[in-house]
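Everything on this sheet refers to the single structure shown next.
The values are calculated or read from the model by the stated rules, or taken from the named source; none is laboratory data. Fair warning: this is a prediction, and the values are worked out from it, not measured in the lab. Backbone-built Cβ (ideal geometry, glycine too); neighbour counts: all protein chains shown. The protein model used for the area step is the full one, side chains on, heavy atoms only, and it has no ligands, DNA or RNA in it. Shrake-Rupley method; radii C 1.70, N 1.55, O 1.52, S 1.80 Å.
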Amino acid sequence: MNTWNAAKPPILKPPTRMGKFVGIVRVAGLITITLISVILFLLGRGLRAMLGRWVTFHFGVARFWSHFCLRLTGIRLVVEGTPIQSGSLVANHSSWIDILSLRANRLIYFVSKSEVAKWPGIGFITRITGTVFIERRRSEAKRQEQLLRDRIAHDQLLCFFPEGTSTDGLRVLPFKSSLFSAFFQDGAGADIKIQPVSVSYHPPAGADLPPNFYSWWGDMGFESHIWDVVTRSFGGTARVTFHAPVNARDFEDRKALSDFCQRQVARGVAASHPDHILLPAPDAETA
């Protein structure tokens, strides 16, 4: 899977002493709330397996964890629209913070590249929370498409990032239409709801921070980016826009659905960042 490197990482001023102190406290808080949430989530999973599907408190734990982590990173969540109950969300991808911003709204099962399952710490959390891991190999395509259909058939809400990589958050790349194959079968669109979602981030007003401060892409270090955020983020905003959902059966093929969703998501991000141009256009896609 290609990594987007079309923009240079921002150059930031060193954090202040107070920023470093707050950063240490925030990191300690993030680690603590994550450990507690993982324990409660695993407890809920175990009780659900023994007592039945009525045990759902651990799903609330996952949403609480997302909200709490956003606050610890100095970000306020603003939501427009309402997420669908089941089907699939398709969103732009600019940061690890996307997971928090989206999961804070509803029980969501993310679709991720298989490499994430092997990441230390993060991989464990993604596995226990029901993430669907996919491999970009033709030999696995049919099996993975059926797996996604089965999850949706069980009223799960999936979320995937069709750009295939993260960006600086100031543009929306062409969507890879191959990822929409799960919504089509025997040449026709299935009766599956698809909801485009635009996610954008804004540094605090008056702060000496670039507009792509919260984005994480290319060769930027994961731990170093977390440190940048926790030491400098004081009053930022994550804006999540849930656009009107559509049905896959109303589109001629996966490319038509992919292009439509990309345009919706791009418009939402453009409206949130009116001073920036979003490139490239959908027809530049390679499936």
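Data overview
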| quantity | calculated |
| --- | --- |
| Residue under evaluation residue 215, criteria (1) over 22 Å from residue 106 (Cα atoms); (2) at pLDDT below 90, criterion not met | (2) |
| The one condition in (1) at pLDDT 85 or above; (2) closer than 21 Å to residue 240 by Cβ that residue 130 fails to fulfil | (1) |
| Identity of the residue in segment 245-262, among the aliphatic types (A, V, I, L, M) and either farther than 17 Å from residue 159 by Cβ or part of a helix (DSSP H, G or I) (or both), that ends up most open to solvent (accessible area, probe 1.4 Å) | 256 |
| Number of the exception - residue 66 against (1) closer than 25 Å to residue 195 by Cβ; (2) in contact with a Phe, Trp or Tyr (Cβ under 8 Å, 6 or more places away or on another chain); (3) small (Gly, Ala, Ser) | (2) |
| Some residue of segment 40-48 being basic (Lys, Arg), surrounded by 13 or more Cβ atoms within 10 Å (Cβ to Cβ) and modelled with pLDDT under 95 | yes |
| Selection count where residues are in a helix (DSSP H, G or I) and at pLDDT 75 or above, scope segment 133-152 | 11 |
| Residue that is modelled with the highest pLDDT, among those in segment 2-25 that are closer than 30 Å to residue 164 by Cα and surrounded by 11 or more Cβ atoms within 10 Å (Cβ to Cβ) | 12 |
| Boolean, residue 112 is closer than 28 Å to residue 267 by Cα and at pLDDT below 90 | yes |
| Near pairs, Cβ below 6 angstrom, 6+ apart or cross-chain, from segment 106-129 (closer than 19 Å to residue 34 by Cβ and touching a residue at least 40 places away in the same chain (Cβ under 8 Å)) to any residue that is assigned to a helix (DSSP H, G or I) and open to solvent by 30 Å² or more (accessible area, probe 1.4 Å) | 107/59 |
| Output for segment 86-103, where each listed residue is surrounded by fewer than 23 Cβ atoms within 10 Å (Cβ to Cβ) and among the charged types (D, E, K, R) | 103 |
| Filter pass, residue 28 being over 16 Å from residue 231 (Cβ atoms) and small (Gly, Ala, Ser) | no |
| Complete set of residues in segment 115-132 that are assigned to a loop (DSSP other than H, G, I, E, B), exposed (fewer than 15 other Cβ atoms within 10 Å of the Cβ) and not aromatic (Phe, Trp, Tyr) | 120, 121 |
| Residue within segment 201-215 that is within 19 Å of the chain's Cα centre (by Cα), open to solvent by 20 Å² or more (accessible area, probe 1.4 Å) and aromatic (Phe, Trp, Tyr) present | no |
| All positions within segment 263-278 that are open to solvent by 40 Å² or more (accessible area, probe 1.4 Å) and not basic (Lys, Arg) | 264, 271, 274, 275, 276, 277 |
| Residues of segment 226-242 that turn out to be surrounded by fewer than 18 Cβ atoms within 10 Å (Cβ to Cβ) and in a strand (DSSP E or B), as a count | 1 |
| Candidates 76, 106, 149, 63 - the one that is among the basic types (Lys, Arg), farther than 26 Å from residue 218 by Cβ and either touching a Ser or Thr at 6+ places or on another chain (Cβ under 8 Å) or crowded, with 19+ Cβ neighbours inside 10 Å (or both) | 76 |
| Residues located in segment 160-200, provided they are out of contact with any strand residue (DSSP E or B) (no Cβ under 7 Å at 6 or more places or on another chain), open to solvent by 30 Å² or more (accessible area, probe 1.4 Å) and at pLDDT 90 or above | 171, 176 |
| Total residues in segment 51-109, condition in a helix (DSSP H, G or I), more than 11 Å from the chain's Cα centre (by Cα) and within 17 Å of residue 40 (Cβ to Cβ) | 14 |
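Residues checked against (1) among the hydrophobic types (A, V, I, L, M, F, W, C); (2) out of contact with any helix residue (DSSP H, G or I) (no Cβ under 8 Å at 6 or more places or on another chain):
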{"site": "34", "(1), (2)": "no, no"}
{"site": "56", "(1), (2)": "no, no"}
{"site": "75", "(1), (2)": "yes, no"}
{"site": "98", "(1), (2)": "no, yes"}
{"site": "103", "(1), (2)": "no, no"}
{"site": "117", "(1), (2)": "yes, no"}
{"site": "121", "(1), (2)": "no, yes"}
{"site": "129", "(1), (2)": "no, no"}
